Each structure stands twice: as structure tokens, then as C-alpha cells.
1. Pull up segment 192-202, narrow it to residues that are among the β-branched types (Val, Ile, Thr) and surrounded by 16 or more Cβ atoms within 10 Å (Cβ to Cβ), then point me to the one that is nearest to Leu157 (Cα to Cα).
2. When you check Ala223 against the structure, is it modelled with pLDDT of 85 or more and open to solvent by 20 Å² or more (accessible area, probe 1.4 Å), yes or no?
3. If I ask for residues that are among the charged types (D, E, K, R) and in a loop (DSSP other than H, G, I, E, B), which ones from segment 18-58 would you list?
4. What are the pairs with Cβ atoms under 6 angstrom where one residue, in segment 37-49, is over 20 Å from Glu13 (Cα atoms) and the other, located anywhere, is open to solvent by 10 Å² or more (accessible area, probe 1.4 Å) and not aromatic (Phe, Trp, Tyr)? Sequence gap at least six, or different chains.
5. Which residue pairs have Cβ atoms under 9 Å apart, sit 6 or more places apart or on different chains, and have a first residue in segment 155-182 that is more than 12 Å from Ala218 (Cβ to Cβ) and a second that is surrounded by 16 or more Cβ atoms within 10 Å (Cβ to Cβ) and acidic (Asp, Glu)?
6. For Leu14, which of the numbered conditions (1) touching a residue at least 12 places away in the same chain (Cβ under 8 Å); (2) under 22 Å from Leu105 (Cα atoms); (3) surrounded by fewer than 21 Cβ atoms within 10 Å (Cβ to Cβ) fails to hold?
7. From the list Ser177, Ser122, Ser155, Ser130, pick out the single residue that is in contact with a helix residue (DSSP H, G or I) (Cβ under 6 Å, 6 or more places away or on another chain), at pLDDT below 90 and surrounded by fewer than 17 Cβ atoms within 10 Å (Cβ to Cβ).
8. Name the residue that is most open to solvent (accessible area, probe 1.4 Å), counting only residues in segment 72-83 that are out of contact with any Ser or Thr (no Cβ under 6 Å at 6 or more places or on another chain) and hydrophobic (A, V, I, L, M, F, W, C).
Amino acid sequence: MTSIRVVVADDQELVRAGFGMILDAQPDIEVVAEACDGAEAVEAVRAHNPDVLLLDVRMPVMDGLEAARRVCAEFPSTKVIMLTTFDIDDYVFDALYAGASGFLLKDVRRDDLAHGVRMVASGEALLAPSVTKRLIGEFAARRPGAPDRAQRPPSKLLEQLTLREQETLRLIARGLSNAEIAAELVVSEHTVKTHVSNVLSKLGLRDRVHAVVFAYEAGAVVAGEP
């Protein structure tokens, strides 16, 4: 079985070492490098080409936001998980546009940390449960429309999707997994994976977490809805 290769970047040595030990203890995860600032994180990704980068938001030399922006631009196959101390951190909003694929609070339980790495590596969205709706709803309110879609409003882009793909997008935005979407739509998981792939491809989205953001921007779902 191929291991998920991870780089851990945090300026606090104990946090960095602790996360590294937890992940390295997993049979399917390998920590290939650690970094103490954003610049080191970027260099570590260049040297090791990991599947996942665990990246603290606030670090010296180069902050996590700039590091995420550079990594996502240069290594689109590397998924970035931002680590933050606060439920709502202004940097997190910008990190979405930088290309981050997930977010975890630093007090995450060890099992949830490993599970989160696996989720993001497999292409799933990852938002800490206490953050999800509040984060995305507030994000959509603050940043109505991504800059690179300024000439084509998100609501217009929805027209590219079939009705079933639009349904799939709404369920993704509600935080449902592929298995849960399959049960909701009464189709196979394989069919759901095809719909999800089509949604991301047609809308030019990096992954599921950005599909969630798009759904709110486009009005496909509304913050506070179940």
C-alpha cells in the first residue's frame, strides 16, 4: 500500500513534533519533512513533493497564507491543510483563495488529525466541524465572487451543470460524503464520483472545499440552511 506523504510546517517545535509523531505512527501515512516557517515549508514541498502539506497559518519569515499560495500554484497535486488556533481566523478566508483544501484547529484529536489527512489526500473537503457553516457563510458574505470569475458571475456558471450535478453540488455544500450523497440521490457511489468530478471540472474548481465556497457564492445554498 502506498503511503500518504506529508510535510508538517509549524513554528512551534512541540506542535510540529507532536503532529509528526501522531501521523508517522499511522500505517498509511509517512511524514517526509518538517518545517519551522513558510519559506522552509515551500522548500520542503519542492524537495519531497508530498501529497499533503499541514501548514500553520501564522509563522515567521513567510506566513502560511503566502506559503499556501506558492505551493498551490507550483504543486497543484499537493493538498494543503491549514492549521489555526481560532474557530474564525481572517487568514483562513484568504487561504481559501490561495488554494487550501482544508482546515483543522490545533486542538484536533489525534484520530481526527489522521482522518483529516486521509480525507484531503483522497480529494474530500475538510473543514473542522465547529467551523464549517459559520466559516463558509461568513466567507461568502465577505468575498462575494472569486477574482478569477469576476467576468462570469457564479450564478451563471451554475448553468453549465446538469440538474443532477447541481443537486450534487448542493449536497457537497451541506458537507455530505460521497456515500451520503449516493444514499440521498439513490444512486451508486461510482455515479456520485462521476458527478463530483464533472462539477469540479466544469466549474474549474480545485477540490470539494472550493465547491462548497462556490455553492455559497452562487446562491446554490444559503448560509444557515440545513
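The values are calculated or read from the model by the stated rules, or taken from the named source; none is laboratory data. Computed from a predicted model, the values in this text were never measured in an experiment. Here the Cβ positions follow ideal geometry from the backbone for every residue, glycine too, while neighbour counts run over all protein chains shown. These area figures cover heavy atoms from the full protein model, side chains too; ligands, DNA and RNA do not enter into them. Shrake-Rupley method; radii C 1.70, N 1.55, O 1.52, S 1.80 Å.
1. Quick first cut of segment 192-202, residues among the β-branched types (Val, Ile, Thr) only: 192, 194, 196, 199.
After this cut, where a residue has to be surrounded by 16 or more Cβ atoms within 10 Å (Cβ to Cβ) as well, the list is 192, 196, 199.
Numbers: Val192: 20, Val196: 15, Val199: 11 Å.
If we take residues in segment 192-202 being among the β-branched types (Val, Ile, Thr) and surrounded by 16 or more Cβ atoms within 10 Å (Cβ to Cβ), then Val199 is nearest to Leu157 (Cα to Cα).
2. Working: modelled with pLDDT of 85 or more: no; open to solvent by 20 Å² or more (accessible area, probe 1.4 Å): yes.
It is false that Ala223 is modelled with pLDDT of 85 or more and open to solvent by 20 Å² or more (accessible area, probe 1.4 Å).
3. Here is the first cut: in segment 18-58, the ones among the charged types (D, E, K, R) are 24, 28, 30, 34, 37, 40, 43, 46, 51, 56, 58.
Selection gives Asp28, Asp37, Asp51, Arg58.
4. The qualifying pairs are His48/Val32; His48/Ala33.
5. Ser177/Glu124; Asn178/Glu124; Ile181/Glu167
6. (1)
7. Values: Ser177 fails: in contact with a helix residue (DSSP H, G or I) (Cβ under 6 Å, 6 or more places away or on another chain); Ser122 fails: in contact with a helix residue (DSSP H, G or I) (Cβ under 6 Å, 6 or more places away or on another chain); Ser130 fails: in contact with a helix residue (DSSP H, G or I) (Cβ under 6 Å, 6 or more places away or on another chain).
Only one candidate passes the filter, namely Ser155.
8. First, pick out the residues of segment 72-83 that are out of contact with any Ser or Thr (no Cβ under 6 Å at 6 or more places or on another chain): 72-78, 81-83.
Those left that are additionally hydrophobic (A, V, I, L, M, F, W, C): 72-73, 75, 81-83.
Numbers: Cys72: 14, Ala73: 84, Phe75: 38, Ile81: 0, Met82: 2, Leu83: 0 Å².
The selected residue is Ala73.
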